[in-house]
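**Student:** One structure is given below, represented as structure tokens, and several questions about it will come after.
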């Protein structure tokens with residue numbers, strides 16, 4: 001290079017630059033104006049181009065060949081890695097469901113690598129057939145459907161309106177702690193949704209609603225009465241308050257209807273407080289004039305001592321009997337124990353009462369919720385209070401509405417105007 005004048009580059013430098021073989025650190029040293037001049041120059045019009053064009057062409061072909069060789073080796077390595085992962089993944093249970101769930105990602109990957117590898121080899125790497133590839137590729141994924149299925153092609157799926165009903169019901173605060181089956185029956189009872197319970201479960205989990213999970217109490221010795229007031233469960237539990245400390249709460253529950261008969265706070269666990277709770281329960285439901293046997297089920301505590309036993313013995317012969325759970329026989333007291341669990345760990349999960357008075361209000365609210373807003377699956381849409389008052393469950397109560405809703409769902413989905421989904425709109429407008 002001449003230090004006093006303009007740079008003079010070796011004739012081979014432009015050749016390496018246009019061939020893409022010139023190192024980046026050297027390119028940065030070349031002025032932009034020089035590079036622009038090289039690009040603007042029509043080398044084919046220069047004198048002597050026909051002398052060197054064969055050599056220049058061979059140089060370009062060799063460069064392309066080297067690049068293709070590098071790409072081929074890279075693709076081969078990637079293919080072998082993917083194939084190894086697919087072989088390992090094939091031994092995992094339900095791997096086909098996972099592959100189907102990520103079908104769009106697999107299709108996009110295959111489309112990207114097929115210019116460098118055959119379609120058969122690409123599909124083999126993901127353990128799918130070419131037929132499966134074309135089925136997924138031609139499948140219409142509706143963005144308006146939570147199942148990503150076209151409403152016109154799959155009209156049996158729940159409509160957008162029904163999906164909105166499920167989503168709003170699960171977000172309602174009063175249903176946040178409720179069992180899914182109870183929420184389902186409540187929607188049926190209100191005429192908002194008619195489908196099967198399994199379908200409701202499927203769509204509820206697809207909506208990915210964050211719900212508070214509670215541990216279910218399972219007992220192999222649970223039993224059911226054949227009529228109301230045949231078995232009455234009673235049990236105590238402790239609830240913590242801010243100012244009054246630990247408080248003792250007593251619940252009385254009917255076995256057949258699952259209804260809470262009475263709920264109160266007692267100052268201590270002495271038997272005469274438990275006796276008073278039973279007396280109030282009998283007065284509330286006029287059980288003193290009941291001619292049939294009433295069995296009081298309780299644990300081996302203050303519910304089976306002192307004044308409670310005296311009160312039971314003072315009743316008419318054979319009218320009231322006591323049963324100590326898991327002692328006198330194999331039956332359990334889990335009917336009311338589950339009630340205590342739901343009250344403390346579910347209903348009161350985000351509530352901390354300050355005083356006994358606040359706790360009493362919560363007990364009243366829980367009793368109303370439990371008896372009127374909870375719909376056990378075996379009652380087929382009836383709540384415990386209605387069963388307690390003599391209502392008879394009917395498993396076919398909503399069967400006609402469910403059939404009609406299924407027919408209306410098909411009509412609505414087939415008439416879907418696709419305004420919410422671009423893929424649907426493009427497909428059906430073309431047809």
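Readers should treat all values here as calculations from the given coordinates under stated rules, not as data from a laboratory. It should be emphasised that the depicted structure is a prediction, and the values quoted were computed from it without experimental measurement. Virtual Cβ from ideal backbone geometry, glycine too; neighbours counted across all protein chains shown.
**Student:** If we count other beta carbons within 10 Å of each Cβ, what is the order of 86, 289, 145, 94, fewest first?
**Tutor:** Fewest to most other Cβ atoms nearby, the residues stand as 289, 94, 86, 145.
**Student:** Also, I was wondering about something else. Going by how many other beta carbons lie within 10 Å of each one, how would you line up 51, 311, 38, 374, fewest first?
**Tutor:** 51, 38, 311, 374
**Student:** Could you put 33, 241 in order, starting from the residue whose Cβ has the fewest other Cβ atoms within 10 Å?
**Tutor:** 33, 241
**Student:** While we're looking at this one, here's another question. How compact and how long is the range 231-348, expressed as Rg and Dmax of its alpha-carbon atoms in Å?
**Tutor:** When restricted to Cα atoms, the range 231-348 yields Rg and Dmax of 14.0, 46 Å.
**Student:** While we're looking at this one, here's another question. What does the extension gain come out to for residue 134 and residue 42, with contour length at 0.36 nm per residue minus their alpha carbon separation?
**Tutor:** 28.4 nm
**Student:** In what sequence, highest mean first, do 382-389, 109-116 appear when ranked by Cβ atoms within 10 angstrom?
**Tutor:** 382-389, 109-116
**Student:** Out of all DSSP beta bridges with both ends in the range 224-376, state the antiparallel percent to the nearest 5.
**Tutor:** Restricted to the range 224-376, the bridges split so that about 65 percent are antiparallel.
**Student:** Hey, can you rank 357-363, 9-15 by average C-beta count inside 10 Å, highest first?
**Tutor:** Output ranking for 357-363, 9-15: 357-363, 9-15.
**Student:** Something else now. Order 257-266, 223-232 from most to least packed using the mean count of other Cβ atoms within 10 Å.
**Tutor:** Ranking, from highest mean packing down: 257-266, 223-232.
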